[in-house]
Amino acid sequence: MPVLRVLSTVAKQALQAPVCGYQPLAVTARCISFSPRQVPPGSDASFHSVSFSETDHPKVLITGGLGQLGVGLAKLLRKRFGKNNVILSDIRKPSSHVFHSGPFIYSDILDYKNLREIVVNNRITWLVHYSALLSAVGEANVSLARAVNITGLHNILDIAAEHGLRLFVPSTIGAFGPTSPRNPTPDLCVQRPRTIYGVSKVHAELMGEYYHQRYGLDFRCLRYPGIISADSQPGGGTTDYAVQIFHDAVKSGKFECNLRQDTRLPMMYIDDCLRATIEVMEAPAEALTMRTYNINAMSFTPEELAQEIQKQLPDLQVTYEVDVMRQGIADSWPMNFDDTNARHDWGWKHDYDLPELVQTMLNFIGSESQIAQAT
Ligand SMILES: NC(=O)C1=CN([C@@H]2O[C@H](COP(=O)(O)OP(=O)(O)OC[C@H]3O[C@@H](n4cnc5c(N)ncnc54)[C@H](O)[C@@H]3O)[C@@H](O)[C@H]2O)C=CC1
Ligand SMILES: CC(=O)[C@H](N)C(=O)O
């Protein structure tokens, strides 16, 4: 076969074969662009030529920003860096309030070209990657969880490495499993989670750390406990009961819990979680002896949480109707989280223990429900 025909056949096959990504179109653009896979050994030093300058305000993109955590984080970051320097993105339609409170953009993390366009056009320097399917919804749709949590993460890592971004990816208590030490769980120990969510988060931790040491990617990761918030709803996790109980306590005085009363899990109020995220993103690189840290605030069981709420709402009645799938997940997760390294390296300190958490949640939800009744 003439050389030209051979070359064109090979090129056609290469363009058609989905060898390194999720969608053929994105793959084509990605394979011929500058990518960590194409960086020859020894050329790592120049990888950060377009890296974030510490004297500028970062330009932040948050993926999966319409879930439980993204809107709150955007609000804090916008206060710090200016409204137009923080872009929320998601595949869902934002509420009118969110849409009018700062830049919002459609972004599907499975679409690599679209992601790259956003990063380039907006001169993004920090990427906070919140898109994910959480533990319970992940078990209900494993193939979607695998695509979003694993293939999506690959897109994010390549974009971040190619454009010298500082990348934050949250991990979770769910990255541990039944063979991990559970009380307490240290940063470094056996990690054999039994959910697709947990497996995808261990994968994210390892891939981020690999890109850090291999390509110099400024990857930062915190393992969050279950996060409790009043003005945003959880997206389908095992720890969701600890948010729902407050709403039901205020609304009806009754709550049916889907975990056993003695199920102890690490938890954190959202303000602590978001502050920790900003603190680790701003920490000087020299302070970080690791790239993935446990953070913790408190640990409680449904029974202990109910008792604390009953100090304010004594008529609250709690019943238990255990969801076997969620209970199985919770029984494999840490009971207490050891976050000594975060406290030592970059000064992590939580503000909210159980009593402050309960007071704050009840104040917020109580005043919301009074406003709703009055209007
Ligand atoms: N909320 C919690 O208790 C904890 C959360 N985390 C992690 O923090 C991050 C944020 O959590 P939440 O806000 O609670 O999650 P969430 O489930 O409330 O929100 C996730 C968002 O991802 C979006 N998404 C799904 N597929 C997408 C796609 N293809 N492209 C772009 N966006 C997509 C969804 O539309 C949703 O708005 C997640 O990575 C989660 O694993 C970790 C531990 C605890
Ligand atoms: C702890 C988490 O990661 C999340 N809230 C879940 O329950 O899946």
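Order the peptides 363-370, 115-122, 132-139 from the highest to the lowest mean number of other Cβ atoms within 10 Å of their residues.
132-139, 115-122, 363-370
Could you bin all the Cα-Cα distances of region 210-253 into 5 Å bins starting at 0 and give me the percent of pairs in each, rounded to whole numbers?
Distribution as computed: 5, 18, 19, 14, 10, 8, 10, 7, 4, 4, 2 percent.
So what are the ³J(HN,Hα) numbers for region 275-285, from phi and the Karplus equation (6.51, -1.76, 1.60; θ = phi - 60°), rounded to whole Hz, Gly and Pro as x?
5, 4, 5, 5, 5, 6, 5, 8, 5, x, 3
Using amide H atoms built in the peptide plane, which far-off residues or other-chain residues are under 5 Å from Gly177 H to H?
Counting only residues 5 or more places away or on other chains, the set is Arg192.
Order the peptides 281-289, 323-331 from the highest to the lowest mean number of other Cβ atoms within 10 Å of their residues.
323-331, 281-289
Please give the residues of region 182-211, grouped as numeric ranges, whose backbone N is less than 14 Å from a label point set 7 Å along the Cα-to-Cβ vector of His344.
186-188, by backbone N distance to the label point.
In what order do Lys93, Lys59 fall by count of nearby beta-carbon atoms within 10 Å, going from fewest to most?
Fewest-to-most Cβ neighbours within 10 Å comes out as Lys93, Lys59.
Tell me the label-point distance for the pair Asp187, Arg92, using the 7 Å Cα-to-Cβ offset, in nm and rounded to one decimal.
3.3
Which FRET efficiency value, to the nearest 0.05, is calculated for Ala372 and Gln307 with the Förster distance at 22 angstrom and r the Cβ-Cβ distance?
Using R0 = 22 Å, I get an efficiency of 0.20.
Which value, to two decimals, describes the C-alpha radius of gyration of region 149-300 once divided by 2.2 N^0.38 Å?
1.13
Would you please give the residues with an amide H less than 5 Å from that of Tyr320, counting only those at least 5 places away or on a separate chain, with H modeled from the backbone geometry?
Counting only residues 5 or more places away or on other chains, the set is Cys257.
Throughout, read-outs are computed from the coordinates displayed, never taken from laboratory work. Because the structure is predicted, anything quoted here is derived from the model rather than measured. For neighbour counting, all protein chains shown are included, and Cβ atoms are generated from backbone atoms with ideal geometry for every residue, glycine included.
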